[in-house]
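Student: After the structure tokens below, expect a handful of questions from me.
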């Protein structure tokens, strides 16, 4: 058992995962050889076994991973069950369900990879070292990929990119099964790869030059794959480097950035000038030639007489009269599905006939068909999808982002794509908010991540394949790490907050009161923090060494947990005020009340004098007095032991802090609207709201006008918090 625990230490898991990333080229070559029939399917077994095995271990034994991914996995299980349950109706010739399940396993592969890499990133003993190793590993991995393709081309053993679709086309994919998948994976890594190799510090001039020369290899490979997407992205990425590096060269006055811009400009020019002799030129010419052929005369029936439609129709018409109720319902559902399919096919044929769509334009053909069928489908299909493998293979969408929506429904998007979508949105917000301070690392990682979305929407062949999704996940992790290094304001606020829990705080509070010590308490909640950022005086008071800051609200506890600060529980301002009244009664102390309306103040004073007879209320002043500073001169004369100020944030804290130096003793607290509650003039939230930590909701429901204030404090705090937190 000890040996197993030793093996499963985070350092060992990191090493194994990095090796797994590094051997991806080998696994993909093995997969290629298996498809050719030379060897058994080693890669097909090893990849899911490793990823799902490690994922299952983390889910079972790491509480945070389980908590974070439980909902996604639960929704995915619902999708898997219901998606395939509604497809049972469509089983006409082959086992659609088994095909769909096998296909859907590829999707969850990416989600599990996110969980694995987030776990490694979060728990790494040396996060910087882990990120550095991850960067080196992904760069080395793609250099290996590119070198194997160049070697295959030089030895004449490279497979053709379009060997399955059109043997007349050119393009090289080396010893890999798909040139498109590899090319698209290289495109998302390429922007960062250029920057990394160009700016990597090396001791010798030979290594410095070698790093730059290595950049040429992926440039050539992307040009030789022969697809329009990889060729155009090759040029776009190089030109983006020219522009961005040139801007940063001026901004940061670094010659290396100007050198990088010039180098990329030469490479871009070289690729553009080489276009006439590159495979992509021939392939585009072939496509244009095919699209120029008028096929309107033979388009009638090309879709509506497909074999799968004919079989579906036969299945409906062949149903007998003596059917069970459930069988009748199944046939009814199948008939509806057939109607949507037929109408979508008719729309395609109409487009062929009027010339608005050519039958050879496969991606547009797939999109029109799937879009119309999804649009006509009933609600259950919109939620769980119309299916991917239950129609003619030429109509299965290649654009995987859209394919997820149409084939696997809204729930498919929410489970499979929610993670990369949220990361992209979060990265976008962070970059826009910190545009002046954003690093080149962040920009190029973001460029690569954005390229993924573009490819996925336009061409496809991205995350649904296991030999792509691992690199998407790594780029996402590196992007969020890079952006996490931008300036943060929240940690300094959380660092200051009292962390030992209610009981310890109340003991310290009572002890300070007994010993007549001076103490200033600020109640920290999202509003306090957001106001402090704009108010220098309140910020100064907050961070004063003599100020005690307590966690007043569940937002602070949740935020602390996400930022890895161990703040045990809330210490609410209203409870502190109540405790100070009780302690003052116990130890016969003097109290001064300042703030709120006159009638509230009088009611509170009456209640204290009636229920806490040992408390001596030496003065009360309502919050509507004009000269509030002069009130503190009156307070000083009365020498109270406790001063409760209910003027609201930030007025109460600023006034206390400004006048604090006048006093030798006394516990000073800004208590906001607590006088209303303590006096009984306003009821506190019911116990169920308090227990569920929803007092804020109760207050908004009682006073809707608070909504604007809630937005300016809590909602903006959440937005700030979300933009600053790590993965």
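The values are calculated or read from the model by the stated rules, or taken from the named source; none is laboratory data. These figures come from a predicted structure and were not determined experimentally. Cβ: placed from backbone, ideal geometry, glycine included. Neighbour counts: every protein chain shown.
Student: Given (1) part of a helix (DSSP H, G or I); (2) in contact (Cβ under 8 Å) with a residue 12 or more places away in the chain; (3) under 29 Å from residue 399 (Cβ atoms), where does residue 236 come up short, assuming only one miss?
Tutor: (2)
Student: Restricted to region 556-566, and to residues that are over 22 Å from residue 506 (Cβ atoms) and touching a residue at least 60 places away in the same chain (Cβ under 8 Å), which residue is surrounded by the most Cβ atoms within 10 Å (Cβ to Cβ)?
Tutor: Of everything passing the filter in region 556-566, 559 is surrounded by the most Cβ atoms within 10 Å (Cβ to Cβ).
Student: Residues to consider are 173, 136; find the one that is over 30 Å from residue 67 (Cα atoms), without any contact (Cβ under 8 Å) to a residue 60 or more places away in the chain and not in a helix (DSSP H, G or I).
Tutor: 173
Student: Something else now. Would you call residue 97 outside the structural domain of residue 338 (by TED's automatic domain parsing), surrounded by 17 or more Cβ atoms within 10 Å (Cβ to Cβ) and under 24 Å from residue 398 (Cα atoms)?
Tutor: When the stated conditions are applied, residue 97 passes them.
Student: With the structure loaded, tell me whether residue 224 is crowded, with 17+ Cβ neighbours inside 10 Å, touching a strand residue (DSSP E or B) at 6+ places or on another chain (Cβ under 7 Å) and assigned by TED's automatic domain parsing to the domain that holds residue 195 or whether it fails that test.
Tutor: yes
Student: Just to be sure before I move on: is residue 334 surrounded by fewer than 19 Cβ atoms within 10 Å (Cβ to Cβ), modelled with pLDDT under 90 and on the phi < 0 side of the Ramachandran plot in the structure I sent?
Tutor: No.
Student: Quick one: which residue in 176, 186 is closer than 26 Å to residue 424 by Cα and crowded, with 19+ Cβ neighbours inside 10 Å?
Tutor: 186
Student: Across region 297-325, which residue is farthest from residue 373 (Cα to Cα) among those that are surrounded by 10 or more Cβ atoms within 10 Å (Cβ to Cβ) and over 46 Å from the mean Cα position of the chain (by Cα)?
Tutor: Restricting to residues being surrounded by 10 or more Cβ atoms within 10 Å (Cβ to Cβ) and over 46 Å from the mean Cα position of the chain (by Cα), the top hit is 323.
Student: Look at region 593-636 and say how many of its residues are within 22 Å of residue 682 (Cβ to Cβ) and out of contact with any helix residue (DSSP H, G or I) (no Cβ under 9 Å at 6 or more places or on another chain).
Tutor: Residues flagged as within 22 Å of residue 682 (Cβ to Cβ) and out of contact with any helix residue (DSSP H, G or I) (no Cβ under 9 Å at 6 or more places or on another chain) within region 593-636 amount to 7.
Student: Within region 522-545, can one find any residue that is more than 17 Å from residue 584 (Cβ to Cβ), out of contact with any helix residue (DSSP H, G or I) (no Cβ under 9 Å at 6 or more places or on another chain) and at pLDDT below 90?
Tutor: Yes - at least one qualifying residue is present in region 522-545.
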